[in-house]
Amino acid sequence: MRLTRYFLPVLKETPAEAQIVSHRYMLRAGMIKQASAGIYSWLPLGFKVLRKIENIVHEEQQRAGHIPMLMPTLQTADLWRESGRYDDYGEEMLRITDRHGHDMLYGPTNEELITDIFRSYVGSYKALPLTLYHIQWKFRDERRPRFGVMRGREFLMKDGYNFDLTKEAALHAYNRHLVSYLRSYERMGLQAIPMRADGGPIGGDYTHEFLVLAETGESEVFYDSEVTDLTFGDRQIDYDDVAQCQGVLEEFTSRYARTDETHDEALFNEIPEDRRRTARGIEVGQIFYFGTKYSEVMDATVINDKQEQVPVHMGSHGIGVSRLLGAIIEASHDDKGIIWPEGVTPFHCGIINLRQGDEAADAACEGLYTALTNAGLEPLYDDRDERAGGKFATMDLIGLPWRITVGPRGLKNGVVELTCRKTGESVELSPEDAVARVVGIYSAL
Ligand code: ATP
Ligand code: MG
């Protein structure tokens with residue numbers, strides 16, 4: 001993309017309404033525009049990152065054997081009356097009446113709708129196990145929408161639902177979700193720590209929230225510092241291997257890590273003092289096994305191999321797709337702007353022409369642009385007729401991990417400059433070597 005043909009409405013001023021850094025940078029970098037409280041338009045740059053995050057989520061869910069689909073945003077109230085949640089949900093639910101007087105709602109989550117789909121088609125244990133998911137907009141009329149996309153009213157969520165014959169099978173589905181979430185967050189350059197969460201009125205031990213440590217997080221968290229040493233890495237996983245998935249769960253959840261809702265001071269104090277940590281975190285996902293809560297009231301049953309009619313065991317598993325943009329920026333920025341991890345960056349590499357209109361500089365930039373594009377990457381070429389300082393400031397703000405700077409002086413010696421956004425380190429290389437270096441970095445992902 002050439003910047004002169006793109007739509008990147010960068011703001012010079014820091015918007016007064018933004019209280020935290022991710023919100024400020026998303027507004028300043030022209031990624032989002034508030035449409036009304038807690039509701040945002042996704043401008044091209046923000047939309048690009050949103051799609052990258054979605055793609056990672058899709059890939060990792062499908063790798064785990066989970067099946068993508070799409071349910072509507074608007075739901076009928078009748079299903080929620082069946083489960084009893086129409087009244088329970090309270091003011092967070094946006095209720096709508098259509099022209100025929102039917103009560104509708106903008107879905108805050110999809111347990112009822114998916115259970116209805118399941119019971120309409122599935123009657124035998126032979127169709128199990130089954131996990132369906134979608135990535136769809138949700139609406140929750142939050143009392144205090146704030147921090148930009150972190151706590152919106154309209155937000156994008158991946159929500160997946162498993163249907164299994166037994167509790168054991170459903171817990172394997174739970175473990176598959178835990179593993180696939182660890183992989184997803186790491187691909188986004190994030191460490192998200194599974195922490196034991198509160199099961200709410202249903203209770204039970206089978207719910208974990210995934211938290212990204214950040215000062216601006218809304219959750220208070222308590223953990224053994226050893227949990228921050230754990231990484232999933234590039235290990236191979238067989239999602240059908242029950243013991244292997246269980247092993248990952250145990251590895252990542254055996255040390256103390258809890259949110260304030262389940263915090264147990266006595267247990268916490270058993271950790272050696274130098275490893276005890278109290279911090280703040282951003283919830284970027286949650287997994288939940290809830291057994292037959294919905295299947296019983298909504299009559300989602302199957303015939304088992306003894307010819308008995310039994311309710312299925314279910315769980316639901318969410319990832320805060322739009323909140324993740326905020327969480328990634330909170331975890332990765334400096335005073336000049338965003339620093340995108342390579343896995344989610346909107347463009348792979350910036351190209352800055354220090355002397356627009358200079359024949360050699362223009363030709364070199366075009367050459368880099370073509371070479372990077374032909375290698376399957378998306379460069380962003382700042383081809384504006386602007387001062388170098390302004391170009392650097394924009395590039396730093398939007399946070400592309402790599403930048404190639406081209407100027408007439410370097411070109412006389414046959415070199416351009418390749419700069420890493422994160423470390424600020426630059427090397428002089430021939431244009432061919434600079435391209436090879438950048439291509440190599442992304443092909444290793
Ligand atoms: P919170 O406690 O932050 O209100 P929640 O526990 O109610 O979230 P879940 O029902 O677990 O949310 O939804 C799954 C994921 O969706 C959350 O882990 C979070 O990342 C994201 N999410 C929830 N509410 C919002 C919101 N208002 N804006 C953006 N993302 C959200
Ligand atoms: Mg939650």
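The values are calculated or read from the model by the stated rules, or taken from the named source; none is laboratory data. Being a predicted model, the structure only gives us computed values, none of them experimental. Positions of Cβ are generated from backbone atoms using ideal geometry, with glycine treated the same way; all protein chains shown enter the neighbour counts. Ligands, DNA and RNA are stripped out before the accessible areas are found, and what is left, the full protein with its side chains, is counted by its heavy atoms. Shrake-Rupley method; radii C 1.70, N 1.55, O 1.52, S 1.80 Å.
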Notebook entry, point to check: On average, how much area does the Cα convex hull of region 255-359 cover when viewed from any direction, in nm²?
Noted result: 15.4 nm²
Check: If you add up the charges near ALA197, with Lys and Arg at +1 and Asp and Glu at -1, over every other residue whose beta carbon is less than 9 angstrom from its beta carbon, what do you get?
Finding: -2
Note to self: Need one word for region 31-173: rounded, prolate or oblate. Basis is the Cα gyration tensor (sqrt eigenvalues a ≥ b ≥ c); a/c below 1.5 gives rounded, then a/b vs b/c decides.
What the structure shows: oblate
Note to self: Which order do the peptides 434-442, 208-216 come out in when sorted by mean C-beta neighbours inside 10 angstrom, highest first?
What the structure shows: 208-216, 434-442
Checklist line | Distance in nm between pseudo-label sites at SER124 and GLU82 (7 Å out along the Cβ direction from Cα) | finding: 2.3 nm
Note to self: With equal scatterers on the alpha carbons only and no solvent term, can you work out the Debye log10 of I(q)/I(0) for region 366-437 at 0.13, 0.14, 0.22, 0.25 1/Å?
What the structure shows: -0.36, -0.42, -1.12, -1.41
Checklist line | Placed amide H near SER219: partners under 5 Å, 5+ positions off or other chain | finding: GLY281, GLU283
Item checked: Extension gain (nm, one decimal) between SER225 and ASP433, 0.36 nm per residue minus Cα-Cα -> 70.8 nm
Item checked: Within straight-line cross-link reach of LYS422, aspartates and glutamates at Cα separation under 18 Å, skipping those fewer than 8 residues along the same chain -> GLU186, GLU330, ASP334, ASP335, GLU342, ASP396
Checklist line | At R0 = 30 Å, FRET efficiency that the Cβ-Cβ distance of LYS422 and GLU59 yields, to 0.05 | finding: 0.80
Notebook entry, point to check: Which distance in nm do the two modelled labels at ASP335 and THR292 give, with both placed 7 Å along the Cα-to-Cβ direction?
Noted result: 6.2 nm
Next item on the list: Can you pull the one-decimal nm distance between simple spin-label points at PHE7 and ALA243, each 7 Å off the Cα toward Cβ?
Entry: 5.6 nm
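Set the bar at 26 Å for Cα to Cα. Now go through LYS52/LYS138; LYS138/LYS336; LYS336/LYS412; LYS158/LYS336 and name every pair that lies beyond it.
Details: LYS52/LYS138 19 Å; LYS138/LYS336 33 Å; LYS336/LYS412 30 Å; LYS158/LYS336 31 Å.
Exceeds cut-off: LYS138/LYS336; LYS336/LYS412; LYS158/LYS336.
How high is the relative contact order of region 142-299, in percent, counting Cα pairs under 8 Å that sit 6 or more residues apart? Walk me through the numbers before you get to the answer.
On the way: 213 pairs, mean separation 49.3, N = 158.
Over region 142-299, the number comes to 31 percent.
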Checklist line | Of the trypsin sites (Lys or Arg not before Pro) in region 202-282, those whose Cβ has at most 11 other Cβ within 10 Å and which sit in DSSP loop | finding: ARG235
Notebook entry, point to check: Helix 242-253 sits at what angle to the longest principal axis of the chain, using alpha carbons and giving 0 to 90 degrees rounded to 10?
Noted result: 70 degrees
Next item on the list: Report the full-extension gain for the segment GLN309 to ASN269: residue separation times 0.36 nm, less the Cα-Cα distance, to one decimal in nm.
Entry: 9.7 nm
Next item on the list: Name the lysines eligible as straight-distance cross-link partners of LYS306: C-alpha to C-alpha under 20 Å, and not fewer than 8 places from it in the same chain.
Entry: LYS126, LYS167
Check: What is the chain's relative contact order, in percent, from Cα pairs under 8 angstrom and six or more apart in sequence?
Finding: 16 percent
Notebook entry, point to check: Cα-Cα pairs above 21 Å in region 89-231: how many percent?
Noted result: 59 percent
Check: Could you give the accessible area per residue of the chain, probe 1.4 Å, as a whole number in Å²?
Finding: 45 Å²
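When ranked by the protection proxy of mean other Cβ atoms within 10 Å per residue, highest first, what sequence do the peptides 344-350, 10-16 form?
Working: 344-350: 23.9, 10-16: 10.3.
With the highest mean Cβ count within 10 Å placed first, the list reads 344-350, 10-16.
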Item checked: Value of Rg/Rh across the chain [Cα atoms, Kirkwood radius] -> 1.02
Next item on the list: Indicate the gyration tensor shape class of region 1-81 (rounded, prolate or oblate), computed on the Cα atoms with a ≥ b ≥ c the square roots of the eigenvalues: a/c under 1.5 is rounded; otherwise a/b larger than b/c is prolate and the rest oblate.
Entry: oblate
Margin query: Placing unit charges on C-beta atoms (Lys and Arg positive, Asp and Glu negative, everything else neutral), compute the dipole magnitude of region 289-445 about its Cα centre in debye, rounded to 20.
Written below: 260 debye
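Quick check: residue separation of THR14 and LYS33 times 0.36 nm, minus the Cα distance between them. What number comes out in nm?
Details: separation 19, 0.36 × 19 = 6.84 nm, distance 1.37 nm.
That works out to 5.5 nm of additional length.
Could you sort the peptides 126-135, 238-247 by per-residue average Cβ neighbour count (10 Å cutoff), highest mean leading? Mind dumping the intermediate values first?
On the way: 126-135: 18.7, 238-247: 14.2.
For the peptides 126-135, 238-247, the packing ranking is 126-135, 238-247.
Using the eigenvalues of the Cα gyration tensor, what equivalent ellipsoid semi-axes result for region 233-283 when each is taken as the square root of five times the eigenvalue, whole Å, largest first?
So the three semi-axes of region 233-283 are 28, 13, 11 Å.
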